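Notes to accompany the following structure.
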Amino acid sequence: MKRLYKTILPVLAALAAIAGCQKEQGIEVKNTPAIDVTHNKLDPNADESGTVRAYATTYVTAKGFNLDRVGLVTIDDIEAPIIEASLQTLVFEIPALPAETYPQQDAPYAVTLKVYDSDCETVIFNYPYYVTVPVTDAIVEDFSPKEGTTGTEVTITGRNLYQLTKVVFADVEVPSTAFLYQPAADTDEGEVRVAVPEGITVTDADTEIDITAVWSGGNLAVTSQDSKFLLSIPVFNAYEPGGTLALDQDIVLTGQNLDLIKAVRWGEFGLGIKEQTETSLTVNISATIPEQDPAVAAYDLIAEFGDVTTTVTVAQQVSIDTSPIPLPPPVLESAVSSDPEYANLYLGREVTVTGQNLFSLAGVTVDGVETEIVDGSATATEFKFVMPAGITGTAARDVTLKVTDTDGNEDELTIMVYPFYYTKGLKLGLGCNSNKVYSDNGRNYSFLMLNEGRVISAQEWAESKVDKNMYDAAGEPLTSNAVISGANTIASGAVADDYYAVEPYLFTSTASNLNIYLHSPAGTNNRIAYHFYPGNTALPKTYGTPVIAMRTLSSDTDIETAAKEGTIDDILVSDRFGSAHQVSLASEGTSSKWTIGNVILVQYLTFEQGQTGDYPADASGVLRQGYIYIRNVTDIDSDFKAVEDAANGRTSLIEFDLYWSNPLNE
């Protein structure tokens, strides 16, 4: 009998487990289930801080004894499906919690976890647990700006906005294909940028409208009762010409929000805006409108406004006599930098010229050097041009700006030009001696092209073969260089044309000591290889072509002060020559080390000077000269060393301004 009892008992226990929550009759089982509370009670063991989280559908594992006897698991009295119930392991699934009781939020909810015996009534484990109901719905938090006109870009911020299918401005829908979603890094936060569309029905010049975002879960109010979007559009009062107008005649228009008008045309012919306020607009009928057939013609008077060009008809069929008249001569009044960041007029920068009768210019010269008017910039009172590179000299000087119209009328204006290049706010990322810690900053902000005043990526540098001498006829990188054979020395037998075919460039690196180096390409034969393609393939390991000498200038000198303040008026300082130069400047450990706030003299040597292996004794050995003012260096420690992050690499960025000359020696 004893042997028979041992055989039958496990069978009865198995039958009891199959019966689940049905109460057993006639059999009293003694092996009650229990959760082991001594070690890691649950996996995951979600906590209040949210460091460990559990969600709906998360499988939770518990260890213990007789867990095959568990009949029910609940989360706040909501049944949790049992996935596995074996002798020592219980696995259950977190159920979906009702949204009306547990709305989506960032913090986890405190819930009660209960585990029941096979009778589904006796609680054998009661434990505080935490379940997260994550924010997955689209949520709008704010928008800006609060006012604008047609085409104004409105930024809507919130969470999970990638789910938006359209944005509705009053009664006009903008589909998701017409706006941009920009996510924030490593979060569900983000923003949608959408332009105010045309065609919104309004009754006034300034109208408060609602903005609504639409997603699969419904409509989200972007605006509120207390914060609507103020849409402003130009509204013209009735205009009656009172007869036929003539060329070079002014038209005065009145209304509201007329300062939003960007252009006025008669049919297809543009008219010049002379004066403009919120309530008044004076335009001039250009004397250059070609004669029509018949000469008196009638077209609609149309105004354009908005960041996305929108038109409004001011008056229909306005008659103008287009019979030719002598052109009034141009009058020049002022010339200033188009960019308020630059107080002076530098080579390569856009200049805005104001005056009168500027609608029919045929030519523009600066110091006798021809330049072209920027497309679309010419009106009766203004035009723009880019300061031409051909202006000679090294110091600021007065030159003549001269314009000529189509009738041969001329006018001149004396302007002060700084005949060198000046670029603010450039950035260089660090090259690295290990591609394992090579950051996107190093890859995307790799090489400073001095003549162009811009920074390019390692990929662009390689694919465009900036340094042509580093590649063979088949376009493959060389292992040794045919032009530069040693540090800062041009090889004997090299050809000047090959040397000058490569524009000068600089770059940076960090070695294992995490010092930051600014390099001349001819300074050493392996530093270019500290930069990489996106696939972490190193660039060629060889000398680069241009020979460049550098020197950190002493603090508080006149040239350093001028470079910092943007007041350099002569790019050539005659006493900055000699042996104090170097081909590589380190942030630490050299006599010419540099730091934030320093100004670095940069001299691109002539072919003849580069062949000597010496630094130039005077300006005759320098082809171009300039200065780098170090504004800031990001991600450095207290010893001015690059900070190394295992995940992001050496992410330092050197932020600087660049002054750079025209060729000093042809």
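The values are calculated or read from the model by the stated rules, or taken from the named source; none is laboratory data. Please read all numbers here as calculations on a predicted model, not as lab measurements. Cβ placement follows ideal geometry from the backbone for every residue including glycine, while neighbour counts extend to all protein chains displayed.
Points worth noting:
- Among (1) free of Cβ contacts under 8 Å to residues at least 40 places away in the same chain; (2) in contact with a Ser or Thr (Cβ under 8 Å, 6 or more places away or on another chain); (3) surrounded by fewer than 19 Cβ atoms within 10 Å (Cβ to Cβ) - the single one residue 376 does not satisfy: (2)
- Matching residues, segment 652-666, being modelled with pLDDT of 90 or more and of a type outside the set (Phe, Trp, Tyr): 652, 653, 654, 655, 657, 658, 661, 662, 663, 664
- Any hit, segment 117-124, residues being small (Gly, Ala, Ser) and either buried (at least 19 other Cβ atoms within 10 Å of the Cβ) or in the same structural domain as residue 202 (by TED's automatic domain parsing) (or both): yes
- Members of segment 554-567 that are surrounded by fewer than 20 Cβ atoms within 10 Å (Cβ to Cβ) and modelled with pLDDT of 85 or more: 558, 559, 561, 562, 564, 565, 566, 567
- Hey, residue 371 modelled with pLDDT of 95 or more and crowded, with 17+ Cβ neighbours inside 10 Å or not: yes
- The strands (runs of 3 or more DSSP E) located wholly in segment 547-619 that include 1 or more residues which are under 18 Å from residue 423 (Cβ atoms) occupy 548-552, 599-605.
- Exclusive hit being surrounded by fewer than 18 Cβ atoms within 10 Å (Cβ to Cβ) and in contact with a Gly (Cβ under 8 Å, 6 or more places away or on another chain), set 158, 151: 151
- Looking at 187, 201, 207, just one residue is surrounded by fewer than 15 Cβ atoms within 10 Å (Cβ to Cβ) and over 32 Å from the mean Cα position of the chain (by Cα), and that residue is 201.
- Residues (among the hydroxyl-bearing types (Ser, Thr, Tyr), closer than 28 Å to residue 159 by Cα and in a loop (DSSP other than H, G, I, E, B)) located in segment 90-128: 101, 102
- The strands (runs of 3 or more DSSP E) found entirely in segment 278-361 that carry 1 or more residues being in contact with a Lys or Arg (Cβ under 8 Å, 6 or more places away or on another chain) and surrounded by 14 or more Cβ atoms within 10 Å (Cβ to Cβ) are 280-284, 296-305, 331-337, 350-356.
- Wholly within segment 429-507, strands (runs of 3 or more DSSP E) carrying at least 1 residues that are more than 13 Å from residue 542 (Cβ to Cβ): 447-449, 454-456
- Residue pairs whose Cβ atoms lie under 9 Å apart, sitting 6 or more positions apart in sequence or on different chains, and linking a residue in segment 324-343 that is within 21 Å of residue 399 (Cβ to Cβ) and in contact (Cβ under 8 Å) with a residue 40 or more places away in the chain to a partner that is among the charged types (D, E, K, R) and part of a loop (DSSP other than H, G, I, E, B), are 338/349; 342/349.
- Boolean, residue 522 is free of Cβ contacts under 8 Å to residues at least 24 places away in the same chain, buried (at least 16 other Cβ atoms within 10 Å of the Cβ) and at negative phi: no
- Which numbered condition residue 80 fails, given (1) at pLDDT 95 or above; (2) within 43 Å of the chain's Cα centre (by Cα): (2)
- Residue tally, condition assigned to a strand (DSSP E or B) and free of Cβ contacts under 8 Å to residues at least 24 places away in the same chain, over segment 174-210: 7
- Scanning segment 591-630 for residues that are at pLDDT below 90, closer than 19 Å to residue 518 by Cα and not aromatic (Phe, Trp, Tyr), we see that the one that is farthest from the chain's Cα centre (by Cα) is 591.
- Among the residues making up segment 245-277, those that are closer than 22 Å to residue 357 by Cα and assigned to a loop (DSSP other than H, G, I, E, B) are 247, 248, 249, 267, 268, 277.
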